[in-house]
Each structure stands twice: as structure tokens, then as C-alpha cells.
Amino acid sequence: MTLWISGYILLLVKFGLVLGCLLFLAAYLVWAERKLLARLQIRYGPNRAGKFGLLQPIADAVKMITKEDIIPAEADQSIFLLAPTVVAATALLMFAVVPFGESLAIMGQRIPLVITDLNVGLLFIFALSSLGVYGVALGGWASNSKYSLLGGIRGAAQMISYELALGLSLVPVVMLAGSFSLVDIVNAQSGYPYILVQPVSFAVFFISAMAESKRIPFDLPEAENELGAGYHTEYSGMRFGLFFIGEYVHIQVLGALTAVFFLGGWHGPFLPPFVWLLVKMIFIALVMIWIRGTLPRLRYDQLMALGWKVLVPVSLVNIIVTGAVILMVG
């Protein structure tokens, strides 16, 4: 009984630490994005709240918490209130299976640096990723607004298109690692990262992940010049903030998963394992911000054509080639 209680407490401690770090990083990822986009557009960005605007995330949080939470008169109230929670919760829960390093020795015991090492961790990631779009679709539908509804429909259509390519891009990784566990996939890259032998999978995964995160050039569900703000047009206050917490935590998830599947995870010289994973995760997030400040938004027909006519066929061909090479080498 004591062992069960101590294991449960350890699980809660690890979950609390990961949750706190994710929310802190999400807040300052917003700051970093605003500063980087400002520099790309030859302006300053946040520079009033604290030195270099470093207190801006705190000011934004206070503003979100204190703003009035308005619910449209004709909205489906219960679904309208729950939709932002679905988006934020699914993004946060994905980190339950992301390994941050090897086990750590504390008081003679080895503590794994992962909340839980599921043998089907990859399937767990896909399940939560698929559930996340429910928040977007339900939020758009429950708002009882044409702009919001169109944004929700676009979000669902995007997920269906790019989730398939995203899953297919990781089949060669599973074939090489021989496991669905994210810990096993990282351990299989102890000699070399999979980006060296699977550059096609990496490219398809990264493009699909950006499309699924609904960021420029794939931000059709929001599309300010067409839909006002898309699925979250009618939201205000902290519920509006939850959508953005979900978005920026999702960016961190994608950075961590890219590192785990293709960049060797926590492996690297000189620095502690956790630091290596954090560096890789932040680098991928900054690349996504750079792309947002560089590329224009695609038209919706271009978006669908890229997913179904390019990424899915390329992924299928890559699976066949990888299988043939494994059989030849084996």
C-alpha cells in the first residue's frame, strides 16, 4: 500500500512539474514569437512591460483573467464553455508520454524521466491529437456564428487530411525502432538520429504537424481576412486564452515529438539530456515562428491538394522503400 501511495505521489509531482514548465514556456513562447515577428517586420515588438518586454506575458495573463467572459445569447452554452478546455487539455496530456531523459538516481532508486512510458505511446499521441480538433469544431458550432462555424469545419477538414499523412510519415520510424514506445524510439537513435536515414519522413511529418497546428501558412480555420478570427471569434476572457494556451503548448508538443522521432530525443554531447531535448524543442518552435513570419497563407484548395495529392502518396512510397531496404539489409 505504501509503495502504491509513493508511486502515485511521484506521478503527481512529475505531472505538476511538467505542467508548470509547459505553461511557463507557452507564456514566453508568445513573447518570443512577438519579438521575432517584429524583427522580421522591422519593428520593436513588446518593449514596455519590464526590460525588453519580459513582463508582457504576465500582463497578458492578468488581462485575460480579468476580462469579462461573454457568452453569445444564441450559443449552446454548455458546449461553448467546454470547447476551449478540450483544446488545452489534449495538448497538455500529450506530454504524458514524452521522455525527457534517461532515468535519474534519487535515494538509491531509479526514477524514469517520463510521466508514463506506454508501450503504445505513439498511438496515445495520435488519439489525443485527433481529439483536439473536437474543441475547434465544437467551439465553432456552439458559437452560433457563420464565421465560427466555417472555421470549425475548416479545422475538422484539415485534421482529416493531415492526420493521415502525419501517421503515415511515422510508420518508417516505427519500422526502424521496432516499437511504439517513445522511450524505445529515442533509445534506438543512440547511434544516429533518424533524420539522417528518413529525411522524407521528417519533411512530411513537419509539414503535416504545422498544418495540424493550424498556423501560417496553414491557418485557414482562423483566416482573419476571411473569417474574422474563425472558430474563436465569439470567445473572450480566459476562454479565449485557453485556445491560445492550447496552440502554444501544441507547438511545444510538436517540437518535442520532432526531437523524439527524428533528432535523437535527449541524446547529445556535453549537456544534460533534459537540456538537449529542451534545446531541440525550442529550436523547432522558433523555426515554426520563422515560417509564420515568412510565408503567405495557402488557399483552401491548395491546402487540401497538398495533403491528399502530395504528402499521402509520398508517405506511402517512402514506407514501401523503407520496407524494401530493411529486408535487403536484414
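The values are calculated or read from the model by the stated rules, or taken from the named source; none is laboratory data. Only a predicted model underlies this, so the values are computations on that prediction, with no experimental measurement involved. When we count neighbours, we look across all protein chains shown, and the Cβ atoms used for this are built from the backbone with ideal geometry, even at glycine.
Observations on the structure shown:
- Matching helices (runs of 4 or more DSSP H) fully within region 218-303 where at least 3 residues are in contact with a Pro (Cβ under 9 Å, 6 or more places away or on another chain): 237-262, 273-292
- Test: residue in region 246-260 that is more than 24 Å from residue 23 (Cβ to Cβ), modelled with pLDDT under 85 and not polar (S, T, N, Q): no
- Selected residue (criterion: nearest to residue 240 (Cα to Cα)) from residues of region 33-59 that are part of a helix (DSSP H, G or I) and in contact (Cβ under 8 Å) with a residue 60 or more places away in the chain: 33
- Failed condition for residue 96, given (1) farther than 19 Å from residue 135 by Cβ; (2) crowded, with 18+ Cβ neighbours inside 10 Å: (1)
- Filtered by the rule that a residue be touching a Pro at 6+ places or on another chain (Cβ under 9 Å) and either surrounded by fewer than 16 Cβ atoms within 10 Å (Cβ to Cβ) or in a loop (DSSP other than H, G, I, E, B) (or both), region 116-143 gives 117, 143.
- The single condition among (1) within 28 Å of residue 11 (Cβ to Cβ); (2) hydrophobic (A, V, I, L, M, F, W, C); (3) free of Cβ contacts under 8 Å to residues at least 12 places away in the same chain that residue 88 does not meet is (3).
- Subset of region 144-171 [in contact with a helix residue (DSSP H, G or I) (Cβ under 7 Å, 6 or more places away or on another chain), in contact (Cβ under 8 Å) with a residue 40 or more places away in the chain and surrounded by fewer than 21 Cβ atoms within 10 Å (Cβ to Cβ)]: 147, 150, 163, 164, 167, 171
- Residues that are assigned to a loop (DSSP other than H, G, I, E, B) and at pLDDT 90 or above, drawn from region 198-217: 198
- Hits in region 68-80 (condition: outside any helix (DSSP H, G or I) and surrounded by 14 or more Cβ atoms within 10 Å (Cβ to Cβ)): 71, 72, 75, 76
- Within region 290-318, residues that are under 11 Å from residue 162 (Cα atoms) have Cβ atoms under 8 Å from residues that are β-branched (Val, Ile, Thr) in these pairs: 306/207; 311/204; 311/207, counting only partners at least 6 apart in sequence or on another chain.
- Any hit, region 144-163, residues being under 29 Å from residue 271 (Cα atoms) and either at pLDDT 80 or above or under 22 Å from the mean Cα position of the chain (by Cα) (or both): no
- Residue check for residue 104: of a type in the set (A, V, I, L, M, F, W, C), at pLDDT 80 or above, over 13 Å from the mean Cα position of the chain (by Cα) and surrounded by 13 or more Cβ atoms within 10 Å (Cβ to Cβ): no
- Among (1) under 19 Å from residue 246 (Cα atoms); (2) among the basic types (Lys, Arg); (3) without any contact (Cβ under 8 Å) to a residue 12 or more places away in the chain - the single one residue 214 does not satisfy: (3)
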